[in-house]
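Heads up: the structure comes next, in structure tokens.
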């Protein structure tokens with residue numbers, strides 16, 4: 001039995017990055033042998049085990065054969081005769097297809113180390129085209145290592161486009177699409193993930209609502225960048241700077257979806273895009289397993305981001321309605337998420353990237369004034385049916401007083 005360090009740990013060592021987790025490949029062993037040594041089985045599709053002491057993953061070396069369309073259409077062979085070279089040859093990208101033996105010798109059959117040096121994300125072989133998930137993974141790694149100047153190799157981008165044209169992206173299961181998207185949203189430069197998908201036409205298949213934004217014009221006075229798709233990518237970039245929260249970044253991605261459905265006769269203005277956008281987010285949520293936090297915040301930002309931008313112009317009554325609709329009094333943390341996404345929208349415009357966003361503080365001050373109202377005291381003075389409206393009136397009055405004293 002021979003054990004090799006494989007995958008991300010080897011890649012990150014080559015990049016000089018800290019290794020967060022180690023995965024191992026076991027050659028010349030059977031599941032029964034590992035079980036006798038105390039390894040715990042965890043793999044469903046093929047044998048993967050957890051080390052009894054370190055809890056690190058040990059997978060039996062394997063080859064695979066395409067048997068059907070899509071992610072699950074593979075038959076695996078984990079016979080003890082499978083070599084480390086055969087195992088590495090079926091991996092997705094060259095930078096992930098390196099291994100180290102127990103003596104620290106690098107096994108690099110496909111130029112992974114060279115691609116690390118030249119900052120290329122390149123497929124190992126044409127077998128890459130057999131698994132549509134690799135489209136998502138290539139885009140995800142392009143985003144993860146964008147700050148190190150990595151780019152998808154032209155030949156790999158061309159192969160990804162051929163896969164999309166062949167219908168492979170249509171076979172991706174919703175759970176895996178969201179899993180990879182969520183990882184990209186949580187990581188650095190998520191904008192690159194979506195731009196990479198668009199470059200190979202996968203965005204049109206996986207996120208048609210987002211893809212449809214590109215080429216849609218907006219008023220140059222407010223959007224010097226003009227293009228709504230470009231604006232969305234700029235908003236996502238600003239959201240990354242403002243918050244590490246996936247829900248905030250998702251809301252930034254979907255806040256303007258309704259602009260893709262504006263009638264030609266109304267362009268470049270977009271009346272009513274807020275409500276139209278909510279319908280598209282709901283449809284996306286029916287197609288993909290969006291976490292409730294992402295879906296709900298996305299809906300709030302889509303419907304009310306223009307309210308937030310006009311915070312100083314809103315009547316006190318409208319401000320209280322906005323606070324109620326965003327559930328600010330019960331969930332102030334989500335209200336802060338809402339404000340962060342709206343600020344990202346305001347700053348995600350050409351020449352506006354470094355502008356202050358005082359509207360957020362205007363609403364925060366209004367919220368603090370309204371939240372300071374003695375709701376319990378008011379409740380004692382009215383019948384049950386009258387209490388909500390009485391509290392609402394008191395909150396409106398508190399905001400009016402705040403404005404009068406400003």
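For the range 92-101, the count of residues that are on the phi > 0 side of the Ramachandran plot and at pLDDT 95 or above is zero. Kindly indicate whether any position in the range 311-322 is closer than 18 Å to residue 343 by Cα, crowded, with 16+ Cβ neighbours inside 10 Å and without any contact (Cβ under 8 Å) to a residue 12 or more places away in the chain. Taking every residue of the range 311-322 in turn, at least one turns out to be closer than 18 Å to residue 343 by Cα, crowded, with 16+ Cβ neighbours inside 10 Å and without any contact (Cβ under 8 Å) to a residue 12 or more places away in the chain. Within the range 325-342, the residues that satisfy the criterion of being free of Cβ contacts under 8 Å to residues at least 12 places away in the same chain and assigned to a helix (DSSP H, G or I) are 333, 336. Selection of the range 40-58 for residues being part of a loop (DSSP other than H, G, I, E, B), surrounded by 13 or more Cβ atoms within 10 Å (Cβ to Cβ) and modelled with pLDDT of 90 or more yields 51, 56. Only a single criterion out of (1) more than 26 Å from residue 405 (Cβ to Cβ); (2) without any contact (Cβ under 8 Å) to a residue 24 or more places away in the chain; (3) surrounded by 20 or more Cβ atoms within 10 Å (Cβ to Cβ) is not satisfied by residue 345, namely (2).
Does residue 103 fit the bill of being free of Cβ contacts under 8 Å to residues at least 40 places away in the same chain, surrounded by fewer than 14 Cβ atoms within 10 Å (Cβ to Cβ), over 13 Å from residue 14 (Cβ atoms) and in contact with a helix residue (DSSP H, G or I) (Cβ under 8 Å, 6 or more places away or on another chain)? Judged against the criteria, residue 103 is not a match.
Taken over the range 106-116, the criterion of being crowded, with 17+ Cβ neighbours inside 10 Å and either out of contact with any strand residue (DSSP E or B) (no Cβ under 8 Å at 6 or more places or on another chain) or under 22 Å from residue 145 (Cα atoms) (or both) is satisfied by 108, 110, 111, 112, 115, 116.
In this entry, residue 242 passes the filter for residues that are touching a helix residue (DSSP H, G or I) at 6+ places or on another chain (Cβ under 9 Å), surrounded by 15 or more Cβ atoms within 10 Å (Cβ to Cβ) and at pLDDT 95 or above. Listed here are the helices (runs of 4 or more DSSP H) enclosed by the range 130-205 that have at least 3 residues being within 17 Å of residue 290 (Cα to Cα) and touching a residue at least 12 places away in the same chain (Cβ under 8 Å): 174-186. In a residue-by-residue description of the range 354-374, the property of being under 37 Å from the mean Cα position of the chain (by Cα), surrounded by 17 or more Cβ atoms within 10 Å (Cβ to Cβ) and not in a helix (DSSP H, G or I) applies to at least one position.
Of everything in the range 102-132 that is within 27 Å of the chain's Cα centre (by Cα) and more than 23 Å from residue 4 (Cβ to Cβ), the residue that is modelled with the lowest pLDDT is 130.
The values are calculated or read from the model by the stated rules, or taken from the named source; none is laboratory data. Since the structure is predicted, the reported quantities are computational estimates derived from the model, not experimental observations. Heads up, the Cβs are rebuilt from the backbone with ideal geometry, glycines too, and the neighbour counts pull from every protein chain shown.
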